[in-house]
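Comments concern the structure below.
Rule-based calculations on the coordinates, nothing more; no lab input. Not measured: the values here are computed from a predicted model.
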Amino acid sequence: MAQVRVARRLPEPAVRLLERAGHDVQVLADERPPDRAALLAGVAGADAIVTLLSDRVDGELLDAAGPGLRIVANYAVGLDNVDLEACRARGVRVAHTPGVLTEETADMTWALALAVARRVVEGHRLAASGRWTGWAPMQLLGTSLHGRTFGVVGLGRIGRAAARRARGFGMRVAYAGRSRNEEAERETDARPLAFEELLAEADVLSLHCPSTPSTRHLIDADALARMKPGAILVNTARGDVVDEQALVDALAEERLGGAGLDVFEREPRIHPRLAAFSNVVLAPHLGSATVRARSEMARMVAEAVVEVLEGREVAHLAA
Ligand code: 8YV
């Protein structure tokens, strides 16, 4: 009976699939992540670990699990919490959950873009306050998006799904990325631009790149200064792609039209000044938060664990 440790309670069918395959499953924490000491102690002797973005998977954790560890299955598409080299060095396979949260994260991108452009949260506050005095010609006027440019940073799976939606909203699509994606260009009529050109042209700049050393603070004071005045920044990727202090400064100087943010540099802490801007909409990392996506993610991590433990091929291995 293989020992499987799951860092935190997950939606089904995660535990059901693991138990059905005959494994001994222990869930280490409920709502909040296990603290580091509990995680290190909890994984001792594990053959497989299911981790979340809040768990740092590094040499220390792998060594705490011991030499029997065969797979880390990360309940996320992002792998920035996982030291892939440390896993490779110990022969530990790494699985993640690409594909099943693509459409959901693209929807969240648009929920934020539209909420900022059309001042939905301000409108909700006014309507719910009991102080609304009625329709007025100048009330809460927002920004029209059709005919404008949706700028994608990283035209991968999620960027492409967000771009597809942009076409539905009558926007032009432009993008910058590490490499050309000609198939996605054809599908979404996306124009490839240099990063600086994209900053200058985008009316909505939407981030869809992974967090890596080269994308950390990609949107810094300089990039923000190059953005079109009045443009909206949307981040459903990773918080550290944006220099949060520089964003606060740009918003304070009223150079941007607003920002829709689902991810933050130091989650769950959020720069206190961000909440004070009326043209900023914040969400607590909800990109994949639908019943369907989260249970598909649960199925994927459980199946990857079972397949590796049974010595079979796994589709979504990152290492
Ligand atoms: C997850 C995410 O909800 O998959 C990712 O990379 O950011 C989110 O969709 C989160 O990572 C859960 O661990």
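As I understand it, the value is the acute angle between the Cα axis of helix 120-129 and the longest principal axis of the Cα atoms of the chain; what does it come to in degrees, rounded to 10?
Result, in degrees: 80.
Can you show me the helix-derived [θ] at 222 nm for the chain, built from DSSP H runs with n ≥ 4 at -39,500 (n - 2.57) apiece and divided by the number of residues, rounded to the nearest 500. Provide the component values of the computation, followed by the final result.
Numbers: 12 runs with 113 residues, N = 319.
The helix contribution divided over the chain gives -10000 deg cm²/dmol.
Return the sequence-ordered ³J(HN,Hα) values of the range 59-69 in whole Hz as given by the Karplus equation 6.51 cos²θ - 1.76 cosθ + 1.60 applied to θ = phi - 60°, using x for Gly and Pro.
With the stated coefficients, the range 59-69 comes to x, 4, 5, 5, 5, 5, 5, x, x, x, 5 Hz.
Measure nothing fancy, just the Cα-based angle from helix 291-309's long axis to the longest principal axis of the chain, in degrees from 0 to 90, nearest 10.
30
Is the shape of the range 1-101 rounded, prolate or oblate, going by the alpha carbon gyration tensor and its root eigenvalues a ≥ b ≥ c, with a/c under 1.5 for rounded and a/b larger than b/c for prolate? Don't jump to the answer; show the numbers that get you there.
Working: a/c = 1.26, a/b = 1.11, b/c = 1.13.
Because its axes are fairly even, with a/c under 1.5, the range 1-101 counts as rounded.
Output ³J(HN,Hα) for the range 250-257: one whole-Hz value per residue in order, computed from phi by the Karplus curve 6.51 cos²θ - 1.76 cosθ + 1.60 with θ = phi - 60°, and x for Gly and Pro.
Using θ = phi - 60°, the values come out as 5, 5, 5, 7, 6, 8, 9, x Hz.
Which residues' amide hydrogens lie under 5 Å from the amide hydrogen of VAL173, considering only partners 5 or more residues apart or on another chain, with H built in the peptide plane?
PHE150, ARG191
Please list the radius of gyration and Dmax for the chain, considering alpha-carbon atoms only, with Å as the unit.
Computed over the Cα atoms of the chain, radius of gyration and Dmax are 21.3, 69 Å.
From the phi angles alone, apply the Karplus equation (6.51, -1.76, 1.60; θ = phi - 60°) to the range 266-278 and give each ³J(HN,Hα) in whole Hz, x where the residue is Gly or Pro.
Ordered by residue, 3J(HN,Hα) equals 10, 4, x, 7, 10, 3, x, 6, 4, 5, 8, 7, 6 Hz.
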